[in-house]
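One structure is given here, and the rest of the page talks about it.
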Amino acid sequence: MDRVVNVLEVARALCESTVFRNKCHIRPMTEAFAELNRIFGIRNGDDAAAIPDGDGYLLLAAEGIMASLVRQNPYLAGRCAVLANVNDIYAMGGRPLAMVDVIGSPDGVSASEICRGMRDNAIRFRVPVVGGHLLRTVVDTSVALAILGKAKRLITSFDARPGDVLLLVTKTRGLWLEDMGFWNCTLEANDANLVPDLELLPQAAEAGLVAAGKDVSMAGIVGTTVMLAESSGIGVAIDLDAIVPPPGVELVPWLLAFMSYGFVLAVAPSRVEALKALFEGRGLCATPIGSFLRERRVLICQGGKQAVLWDLAAGPFAGSAAE
C-alpha cells in the first residue's frame, strides 16, 4: 500500500499512550496472585479464568468500567460492562451463561441508568443478569460486572507458537467514536448478527482451527497482541502495511482502539485459510497482520523497516508470562 510511516515515531507514540501504559499497572496484581496460581493450577492472565469442569471448563471473568465513562454516560457504561464481559467469554472459546453486577452510586438516577444499559445489552447478547450488589456511595458512581461461561475447548493467551500467523478479526462497518477511541461495530441495526458472529469463536476452537487469542481490549490491537505474546512466552512482528484503518481514522488511534467486536488470534499457517473462510462466510474481516517469533520482542514493521515496540526479554509488560 502507499501509506508510509516512521515506525520509530509510531512505536514511541504507542508506548507513550495512556491506554497502552495502563496495562503495565496489572503487573503488581499478577505478582500478588502468582503463588495462588501455582497452588491451585489455574493460570492468571487470560480473558477469563478457565476452571476444569467435567469434559470442559467453567469460565469466570469480571470487568470494571472507567470512572470517566460512568460519570459522563452511565447508560452507556452499563452497556459496555455487558459487552466487555461477553467478549471475554467468547474470546476464550466459550459461551456465556449469566452475569452479576456491583454498582456504587450516590443517587438512584445514575444506578437506574446503569441497570437500564445492562438490561438492554443483556437482551441483545442473550445473557441474563441474575443478581448483584448495590453500594450507596458518597460522591462517585462505579460499575463492575462479572460473568460465568462454559467452554468445551479453549482459546487461551498461553498457546501461541513461533511461526503462527497473527490474525485480526473484526467488522469493517461501524461508527468511530474518536473521543473514546472506540470502534463501535455492533450497532443496533446488526442485532440479529451479534450472537451468530460471536459463535464463530467457540466453533473455531471446537474444530481445532485456533488455540490461542484474545479479544481486542482497551490497549487496542497492539497492546492486546503484546499481552498475547507475553503470556505465550514468545515474540511477534506486527505488519503495519496489513492494518488498514477505516476512512478518516489515523493509524495510531486505530492501533489503540477498543473494538466492540475484535479479536487477535494466533493461527497455525496450515489453518489460516480455513479460519478466514469461517469468518468471511459471515461477512467479517479476518486479516493476517503479522507472525509470532521465537525471539521475545514485539516489533512493528513496514516496508522493510522495523522498530522494537516492547522487549519482553528485558522486562514484563502486563506480567502474565508463560510458565
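Read-outs throughout are calculated quantities, based only on the coordinates presented, and are distinct from any laboratory measurement. From a predicted model like this one, the values you see are computed outputs, not experimental measurements. Every residue, glycine among them, receives a Cβ derived from its backbone with ideal geometry; neighbour counts consider all protein chains shown.
GNM remark for the chain: springs join alpha carbons under 10 Å apart, and the peak mean-square fluctuation among GLN72, GLN306, GLN203 falls on GLN72.
Pairs over the 21 Å Cα-Cα cut-off, from the set LYS23/LYS305; LYS214/LYS305; LYS23/LYS214; LYS150/LYS171; LYS150/LYS214; LYS171/LYS214: LYS23/LYS305; LYS214/LYS305; LYS150/LYS171.
Using Cα atoms only, what is the angle between the long axis of helix 220-232 and the major principal axis of the chain, expressed in degrees (0 to 90) to the nearest 10? Its long axis makes an angle of about 80 degrees. If both residues of a DSSP beta bridge must be in segment 47-151, then about 75% of such bridges are antiparallel.
Legend: translational diffusion of segment 47-151 by Stokes-Einstein, Rh = Kirkwood radius over C-alpha pairs, 37 °C, 0.692 mPa s; D = 241 µm²/s. Between ARG3 and LYS152, the FRET efficiency from the beta-carbon distance, with R0 = 30 Å, is close to 0.15.
Over all other residues within a Cβ to Cβ distance under 14 Å of CYS15, the charged ones net out to +1, with Lys and Arg as +1 and Asp and Glu as -1.
A simple spin-label model places the labels of ASP55 and PHE33 3.0 nm from each other, with each point 7 Å out along Cα-to-Cβ. The orientation-averaged shadow of the Cα convex hull for the chain, equal to a quarter of the hull surface, comes to 16.4 nm².
Taking a ≥ b ≥ c as the square roots of the Cα gyration tensor eigenvalues, with a/c under 1.5 meaning rounded and otherwise prolate when a/b beats b/c, else oblate, which class fits segment 205-321? Oblate, since a/c reaches 1.5 and b/c is not below a/b.
With the helix formula -39500 (n - 2.57) applied to DSSP H stretches of n ≥ 4, the chain reaches a computed 222 nm mean residue ellipticity of -10500 deg cm²/dmol. What distance in nm separates the two pseudo spin-label positions at ASP140 and PHE40, each 7 Å out from Cα along the beta-carbon direction? The answer from the label model is 2.7 nm. Peptides 206-213, 233-240, 182-189 ranked from most to least packed give 233-240, 206-213, 182-189, packing being the mean of other C-beta atoms within 10 angstrom over each peptide's residues. Extent of segment 1-74 along its three principal axes (Cα atoms, max minus min coordinate, largest first): 52, 34, 28 Å.
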